[in-house]
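What follows is one structure encoded as structure tokens, with my remarks underneath.
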Amino acid sequence: MAQIDRSVASPDVLINHSIGSVVNGVVPNVPSVIAPNATPAMWADLIDGFQKSALSARLGIPIIYGTDAVHGHNNALGATIFPHNVGLGAARDEDLMVRIGSATALEVQGTGMQYTFAPCVAVCRDPRWGRCYESYSEDTQIVKSMAKIILGLQGYPPHNHTLGYPFAHGGMKVLACAKHYAADGGTQGGVDEHNTVTTYDDMYRIHMTPYIDAIAMGVSTIMASYSSWNGIKMHANPFLLTRILKQEMSFQGMVISDWEAIDRMTNPPGSHYKESLKAAINAGIDMVMIPYKYQQYITYMTELVSSGDIPISRIDDAVRRILRVKFILGLFEQPMADRSLHPMVGHKKHRELAREAVRKSLVLLKNRNGEKKMLPLSKNAPKILVVGSHAHNIGYQCGGWTVSWKGGSGNITEGTTILEGIKRAVSKQTRVMFQAKPDKQFVNNNRDSSYAIVVVGELPYAETDGDSKELRLAQDGEETIKTVCEEVKCLVIIVSGRPVVIEPYVDMMEALVAAWLPGSEAGKGIADVIFGDYDFQGKLPRTWFRRVDQLPMNFGDPYYDPLYPFGYGLQMGMQSYKRGHGVSSSSASSFSSI
């Protein structure tokens, strides 16, 4: 029942303590890779080493190795980085989600790993929440639809599949994890790991129904949320974890805790660990993501079971569920890495798929000042400006959960920057003038440019670190817009995990595009659309507010006065404005009959 970090997973620990799983840790400011130039073979060697130790233990039960592959296999250098979930929610394409899931599974298995903590099916109701980009939408129906990625990650269960039973095809598929159960996106003020105050009816209707769909698709694991519901910690809520999830929803897979979540049930963290552990296990947690203090966990668990504070029947249930997901994945038959899948990591076809996802996720918010449209841009302009902090930065366009927990700046992995995509798209005769932080002199010297492309946004962040009460552009983004757009006709591209304050500057620009956090193939995908090879397809997955004092504000609220409403999105060919869900159907949609 213990999942420990790879840094403490020595052979002795794995053998002597019957460790069930190893996690690819997310330590602040530390890359989640094993070496500066880690290859798929190096990952496979590491994980096969853990597996050999587990198999040589008394019971010979293989471990599951879990990782946060939340927008592609994002902890592996050179892997394909897909847009974060908020962008995929703008695309609203179920078939695309299944294909992204399949590609991600191949890349995860290509490094010898078998388990991803994805997808996040949170319904983010307040963009001030630092994990809002991990949510597909403020709308439950879109979240439910985009959860079809589970079918790509795990494979399609047969039509006679038992409801609630976990499923994974094995081989080229991985275990998926619906998270974070439940209402992590509904906390007061958008504060991460905080309290969601709502009735059970609203809790169920808004935040819990995506789990019903996930369970119908055979999702193998579900992760509990750090947050609370009406003051009760989710990890210690037997009503939601056991009665609703395991009994009423018939979930027969494994319920896993979040990272150090047992410690975080108290303030200060870990101050009453034994009592927290008792509450969590009895509430229905099956596997504990410890990740370091496994000795403390084992000591207290042994005492709690010996004293009867945790009944042996609860242990039997947890172990049965853990073994079940290992059996359905085929770990006992094939515990070692499939080395033939190494070339799948960062495969060209996957990068083309990510490029398609970027194209479909872009939302055109404005395309005229007066009567004349600005987009599509001319590829044959004699001279253009490209400016802004996010125009030439792989780390910024990928966001958090990329190589390290909070992400980073610069060429942190392989990909194409937005500037590089623009340079490849325009004619050889076009002069492209670039500056990340343009001053007035630079702009004055280039006022003869045909147009400017201003690329600004948020800096990378993850979890609580991303909580924000201001939601402002980073690194002089607002000043860059003012400096450039007052002098040169400009397109502004916002690279962010959520809507940000932009209303004061909209009148200065001819065109405005929400690019979200588009990932490693952002340059090619964005260039495909702004130069007219493809039209815009994305629709806002969330309401774009005017001012932060309006928050929280979601479609359907009594006082709804957004800058751009939920569902808004223009096209260059013909103006189109669409409220509502507008999810693209696909072969995956037929699965709803199960």
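Scan region 452-464 residue by residue and report those that are at negative phi and open to solvent by 10 Å² or more (accessible area, probe 1.4 Å).
Residues satisfying the conditions are Glu458, Leu459, Pro460, Tyr461, Thr464.
Could you tell me which numbered condition Glu420 fails, if it satisfies all but one of (1) touching a residue at least 60 places away in the same chain (Cβ under 8 Å); (2) touching a strand residue (DSSP E or B) at 6+ places or on another chain (Cβ under 9 Å)?
(2)
Would you check if there is a residue in region 362-378 being in contact with a Ser or Thr (Cβ under 8 Å, 6 or more places away or on another chain), in contact (Cβ under 8 Å) with a residue 12 or more places away in the chain and open to solvent by less than 20 Å² (accessible area, probe 1.4 Å)?
Checked against the condition, which is being in contact with a Ser or Thr (Cβ under 8 Å, 6 or more places away or on another chain), in contact (Cβ under 8 Å) with a residue 12 or more places away in the chain and open to solvent by less than 20 Å² (accessible area, probe 1.4 Å), region 362-378 yields no hits at all.
Scan region 312-332 and tell me whether some residue there is over 24 Å from Ala54 (Cα atoms) and crowded, with 16+ Cβ neighbours inside 10 Å.
no
Does region 92-103 contain any residue that is free of Cβ contacts under 8 Å to residues at least 12 places away in the same chain and under 24 Å from the mean Cα position of the chain (by Cα)?
No.
Residues Gly567, Gly573, Gly556, Gly580: which one is on the phi > 0 side of the Ramachandran plot, modelled with pLDDT under 95 and surrounded by fewer than 24 Cβ atoms within 10 Å (Cβ to Cβ)?
Result: Gly580 is the single residue among Gly567, Gly573, Gly556, Gly580 that is on the phi > 0 side of the Ramachandran plot, modelled with pLDDT under 95 and surrounded by fewer than 24 Cβ atoms within 10 Å (Cβ to Cβ).
Just checking, how many residues over region 465-480 are closer than 13 Å to Ala391 by Cβ and open to solvent by less than 20 Å² (accessible area, probe 1.4 Å)?
2
Looking only at residues in region 379-400 that are open to solvent by 10 Å² or more (accessible area, probe 1.4 Å), in contact with a helix residue (DSSP H, G or I) (Cβ under 8 Å, 6 or more places away or on another chain) and not charged (D, E, K, R), which one is farthest from Arg542 (Cα to Cα)?
Only one residue tops the list, namely His392.
State all residues of region 186-211 that are without any contact (Cβ under 8 Å) to a residue 40 or more places away in the chain and under 13 Å from Val121 (Cβ atoms); if no residue qualifies, say none.
Of everything in region 186-211, just one residue is without any contact (Cβ under 8 Å) to a residue 40 or more places away in the chain and under 13 Å from Val121 (Cβ atoms), namely Met208.
Can you confirm whether Trp516 is hydrophobic (A, V, I, L, M, F, W, C), on the phi > 0 side of the Ramachandran plot and modelled with pLDDT of 95 or more?
So Trp516 passes the test.
Mind checking whether some residue in region 328-340 is more than 20 Å from Pro62 (Cβ to Cβ) and of a type in the set (S, T, N, Q)?
Looking for residues that are more than 20 Å from Pro62 (Cβ to Cβ) and of a type in the set (S, T, N, Q), one finds none in region 328-340, hence no.
Against the definition (of a type outside the set (A, V, I, L, M) and in contact with an Asp or Glu (Cβ under 6 Å, 6 or more places away or on another chain)), how does Glu521 come out, yes or no?
No.
Give me the helices (runs of 4 or more DSSP H) completely within region 306-413, filtered to those with at least 1 residues that are more than 21 Å from the chain's Cα centre (by Cα), ordered by residue number.
312-329, 348-361
Quick one: which residue in Tyr204, Tyr200, Tyr226, Tyr211 is modelled with pLDDT of 95 or more, closer than 23 Å to Thr104 by Cα and among the aromatic types (Phe, Trp, Tyr)?
Of the residues listed, the single one that is modelled with pLDDT of 95 or more, closer than 23 Å to Thr104 by Cα and among the aromatic types (Phe, Trp, Tyr) is Tyr211.
State which residue is surrounded by the most Cβ atoms within 10 Å (Cβ to Cβ) when the search covers only region 1-40 and only residues that are touching a helix residue (DSSP H, G or I) at 6+ places or on another chain (Cβ under 6 Å) and outside any loop (DSSP other than H, G, I, E, B).
In this case the residue turns out to be Val22.
The values are calculated or read from the model by the stated rules, or taken from the named source; none is laboratory data. A quick note: this is a predicted structure, and the numbers were derived from the prediction, not measured. Neighbour counts are summed over all protein chains in view; Cβ atoms, including those assigned to glycine, are modelled from backbone coordinates with ideal geometry. Note: accessible area is taken over every heavy atom of the protein model, side chains too, but ligands, DNA and RNA are not part of it. Shrake-Rupley method; radii C 1.70, N 1.55, O 1.52, S 1.80 Å.
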